[in-house]
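The values are calculated or read from the model by the stated rules, or taken from the named source; none is laboratory data. Please read these numbers as outputs of a predicted model, since none were measured by experiment. A quick note on method: Cβ atoms are made from the backbone with ideal geometry, for glycine too, and the neighbour counts reach across all protein chains shown. When the accessible area is computed, the model is the full protein with side chains, heavy atoms only, and any ligands, DNA or RNA have been set aside. Shrake-Rupley method; radii C 1.70, N 1.55, O 1.52, S 1.80 Å.
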Amino acid sequence: FESSTALRDTSGAGVSVAFGSVVKTYGPVHALDDVSFRIASGQTVALLGPNGAGKSTAIGCMLGLRQPDRGTVEVLGAGPGRAVGSGRIGAMLQESGLPAGVTVAELVDCVRSFYPRPFALRELLARAGVDAFRNRRVEQLSGGQQQRTRFALAIAGDPELVFLDEPTVGMDVETRRAFWDQMRSFAAEGRTVLFATHYLDEADAVADRVIVLNGGRVAADGPASAIKAAVGARTVRFTLPDARGSATTLEALPAVADVSVHGDDVRLTTRDADATVRALYATSLPIHDLEVTGAGLEDAFLALTKETER
């Protein structure tokens, strides 16, 4: 994938995050291996990768929690520590705890008091979607409510740049949808949002840009649509009675890279949908309800990570 840095730099937008040939090692492990990218102000960017790909290390470097062994990291035009100290950054980290014995409103009001120009309490509670349980004690919150409270703390100072690490873990489908609706509104005001997630449908639906890390390197960088198109895979879906009994036949079809069977529902990932479908009908298997679609972000993600591993 060709970097779109030149396009972004000539668009007139500022740069919120700049990584320049960053290397970070832990003994023999290269968590980040010569990683470079720039994130323009106002972008919503998804940082994807399998476990151990370097996502948490990259975010730690951006927040000044980790120091790179080599290379440069700039955040909002300054070093990460200075940017964080200015109150212009908000962060919602997955491993962060919440103190017991206080209500949501009390905790949020306390944290907002640390910032020079915070949101008003009432507006902040509404923006984060926690107003309905503002008087509930933190230890009484559900997993999803705890995540919403962490989000309220992350945006308490009206930040220009927000980091979100697995923000919707513990949320049900309806709550996740409401959360991202609010995040879109938040980003539409010109803020930069960088989030890491294992829910690839979220990245596909929300992000302006996707950066895929694997093995400490950038495996892909661009809009989700471009990443999906570049992989070149297609998905063939159909219904087949006793599909598991035909798994060997399906795996042997030309250009098929992956076979997924759930009951009578079958999904094939293929590099040549025409060849696969022709061979599929030639087997005389009793298939029906066949459809061919472009690869989803999950298919592209799996293909990219397998390719970089090879």
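Placing a pseudo-label 7 Å from each Cα along the Cα-to-Cβ vector at E189 and L65 gives an inter-label distance of 2.4 nm.
Distance between the pseudo-spin-label points of V261 and Y281 (7 Å out from Cα toward the beta carbon): 2.3 nm. Sorted on the mean count of surrounding Cβ atoms within 10 Å across their residues, most packed first, peptides 132-139, 49-56 read 49-56, 132-139.
Suppose R0 equals 25 Å; then what is the FRET efficiency for R82 and D208 from their Cβ-Cβ distance, rounded to the nearest 0.05? Here the calculated transfer efficiency is 0.40.
Helix-only arithmetic for the chain: the sum of -39500 (n - 2.57) across DSSP H runs with n ≥ 4, divided by the residue total, places the mean residue ellipticity at 222 nm at -9500 deg cm²/dmol.
The listed peptides 281-290, 224-233, 115-124, 152-161, ordered by packing as a protection proxy, come out as 152-161, 224-233, 115-124, 281-290 (highest mean of other Cβ atoms within 10 Å first).
Quick one: if the Förster radius is 22 Å, what FRET efficiency do N51 and E251 give, using the C-beta to C-beta distance and rounding to 0.05? Efficiency, from the Cβ-Cβ distance: 0.25.
Can you work out the FRET efficiency for the pair D272 and D201, with r the C-beta to C-beta distance and R0 = 25 Å, to the nearest 0.05? So the FRET efficiency works out to roughly 0.45.
In terms of the mean number of neighbouring beta-carbon atoms within 10 Å, the peptides 21-33, 195-207 order highest first as 195-207, 21-33. Region 17-83 and region 102-180 have Cα centres lying 25 Å from one another.
Beta bridges per DSSP, both residues in region 161-227: antiparallel share near 50 percent. Shape summary: region 129-200 maps onto an equivalent ellipsoid whose semi-axes, from the alpha-carbon gyration tensor, are 20, 15, 11 Å in decreasing order. Relative contact order of the chain: 19 percent, from C-alpha pairs under 8 Å at least 6 residues apart in sequence. Using a probe radius of 1.4 angstrom, the carbon and sulfur fraction of the accessible surface of the chain is 48%. The DSSP beta bridges internal to the chain are antiparallel in roughly 70% of cases. Rolling a 1.4 Å probe over the protein heavy atoms gives region 88-153 an accessible area of 51 Å² per residue.
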